[in-house]
Amino acid sequence: MVGSSELLKSPFPDFENGAAAAVKILPEDFDPTAVVPEPLPPLVLSNSGDHADYDDGDEAEEKREIVLGRNVHTTCLAVTEPEANDEVTGDKDAFMASVLARYRKTLVERTKYHLGYPYNLDFDYGALGQLQHFSINNLGDPFIESNYGVHSRQFEVGVLDWFARLWEIEKDDYWGYITNCGTEGNLHGILVGREVFPDGILYASKESHYSVFKAARMYRMECVKVATLVSGEIDCMDFKDKLLANVDKPAIINVNIESLNTAGTTVKGAVDDLDIVIKTLEESGFSHDRFYIHCDGALFGLMMPFVKRAPKVSFKKPIGSVSVSGHKFVGCPMPCGVQITRLEHINVLSRNVEYLASRDATIMGSRNGHAPIFLWYTLNRKGYKGFQKEVQKCLRNAHYLKDRLRDAGISAMLNELSSTVVFERPLDEEFVRRWQLACQGNIAHVVVMPNVTIEKLDVFLNELVEKRSTWYQNEKIQPPCIAAEIGAESCVCKLHKC
């Protein structure tokens, strides 16, 4: 079989004197279904620079070695001009077909071992294939048609109305749009807060998603990081101290409503208690007209309404905006999200644009018009009851994984109301990459999504236990103590095992 370097590095020859040579004909033994191996990337030093722009009195985090992803330039697929005789020979079409076949095989293989990131891979949108021939663009305000007629606003507003009902705000009182990702929802929510309170200070727990601190840098906002509890939830005692130190300025607060990766703390799956955050603001002398709360609910923002005893996210409370990701729990095959804010706030941000014959109030100009259709399709198929069943399944399977890890003598933690299981980081980076685990320091996590079955968890667990027995067969090498990250009661290292 031809090697991956031969296939990927030289599919087309270099250009010389403005003309390209002929495309190489594929060898007879070429296997289009082979999976291209990925080399391990090098180690680099990091001191969590995402947060380093803000000096809030905390000690600098200790530098540690981390593994960055591979340099894609080493395996990229070149783009070259077609040859004059390509229509006759068909060589290039055959080559491209083989590359796509191999890529599909790689996607199938990588999906099989996907556990560390919060994406629901259980979906079937075959019925929507008929729409892929159209360039659907929802540029401008979702509620005002533009001169561009190939749009899906009727689907988009239908999706927004569904989420407005979920978060208890009347149609005439909200404004929102389908974003390109969860980060855009955070950028928009924090921007609205900044426009409402130009001199406001942004408060966010130190374990908030990196996009929150990116927003502060982009908007040149004063940002105060708040300490967290062992669970990853915001420490409201520290929050109160920092509010009282800046009581003369309005507060813009990012509240994590999730179970991972942009909210609910990126790694531990904790959920900030919205009611306690509001109470802390009030006790610190901040009236409702002196603070703006953005709720970052990338994953758990959609799961929480279907979990008993979970804190409720509602616009009946004094919040300013809520955002969730559409490609996570919902299972949209393309990155997207939903951002909803109060209509009264959006007026400080919006401008009429004659070129569009619409209003500009979004972060991006052109917006994917296919994403709202995918979301509309899924919401109609599953409905509230369907999502409730999937949430229950995820929480049940997450408890199963946590219990199996603990039974195997592996330190593990599962926050209440979460489907993110945190455990000791595997010693072998190849194992981490194989299962696509998200890691931070000495901990890693698995996010149990609707597509993650008990059978898949068993395969992962069995492989982890087997590999772990070889990693620590030498008594000189011991599993790490992660009591500081997950609490002593969840750590079963040599020190805390008793």
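Note on T111 and D241: the model spin-label points, each 7 Å out from Cα along the C-beta direction, lie 4.9 nm apart.
As a rough guide to protection, the peptides 414-420, 96-102, 286-292 ranked by mean Cβ packing within 10 Å, highest first, stand as 414-420, 286-292, 96-102.
Per residue, region 383-490 exposes an accessible area of 45 Å² to a 1.4 Å probe, with every protein chain left in place. In summary, the convex hull built on the alpha carbon positions of region 132-382 has an orientation-averaged projected area of 12.9 nm².
For the Cα trace of region 238-383, dividing Rg by the Kirkwood Rh returns an Rg/Rh value of 1.01.
Give me the Å³ per residue figure for the convex hull around the C-alpha atoms of region 411-486.
Value for region 411-486: 96 Å³ per residue.
Coupling constants for region 225-242 follow from the phi torsions by the Karplus curve (6.51 cos²θ - 1.76 cosθ + 1.60, θ = phi - 60°), and in residue order they are 8, 10, 5, 10, 7, 4, 5, x, 6, 4, 8, 6, 5, 5, 4, 5, 4, 6 Hz; glycine and proline get x. Taking a ≥ b ≥ c as the square roots of the eigenvalues of the Cα gyration tensor of region 81-188, is the shape rounded (a/c under 1.5), prolate (a/b larger than b/c) or oblate? Taking the square roots of the gyration eigenvalues as a ≥ b ≥ c, region 81-188 is oblate.
With 0.36 nm allotted per residue and the present C-alpha distance subtracted, the A84-K171 stretch has 25.6 nm of extension available. The phi-based Karplus calculation (6.51 cos²θ - 1.76 cosθ + 1.60; θ = phi - 60°) puts the 3J(HN,Hα) values of region 465-475 at 4, 5, 5, 5, 5, 8, 5, 10, 6, 8, 5 Hz, whole numbers, x for Gly and Pro. Pairs exceeding 24 Å between alpha-carbon atoms, taken from K317/K402; K242/K316; K214/K328; K206/K467: K317/K402; K242/K316; K206/K467.
Which loop-located GluC sites (Glu not before Pro) does region 436-498 contain, where loop means any DSSP state but H, G, I, E or B and the Cβ has at most 13 other Cβ atoms within 10 Å?
E475
Between the C-alpha center of region 138-171 and that of region 451-498 there is a gap of 46 Å. For region 132-382, the per residue solvent-accessible surface stands at 37 Å², with DNA, RNA and ligands left out and a 1.4 Å probe. May I ask you to give the percent of accessible area on region 408-498 that is carbon plus sulfur, with a probe radius of 1.4 Å? Answer for region 408-498: carbon and sulfur cover 50 percent of the accessible area. For K467 and D289, the difference between the fully extended length at 0.36 nm per residue and the C-alpha to C-alpha distance is 58.5 nm.
Solvent-accessible area assigned to carbon and sulfur over region 153-196 amounts to 46 percent, based on a 1.4 Å probe. Annotation for region 144-249: trypsin sites (Lys or Arg not before Pro) lying in DSSP loop with at most 10 further Cβ atoms inside 10 Å of their Cβ are R220. Amide H contacts for V224 (H built 1.01 Å from N in the peptide plane; partners 5 or more residues away or on another chain; cut-off under 5 Å): L202, Y203, A204.
The values are calculated or read from the model by the stated rules, or taken from the named source; none is laboratory data. Computed from a predicted model, the values in this text were never measured in an experiment. Counting neighbours? That spans all protein chains shown, and the Cβs are built from the backbone with ideal geometry, glycine included. Side chains included, ligands, DNA and RNA excluded: accessible areas come from the protein's heavy atoms. Shrake-Rupley method; radii C 1.70, N 1.55, O 1.52, S 1.80 Å.
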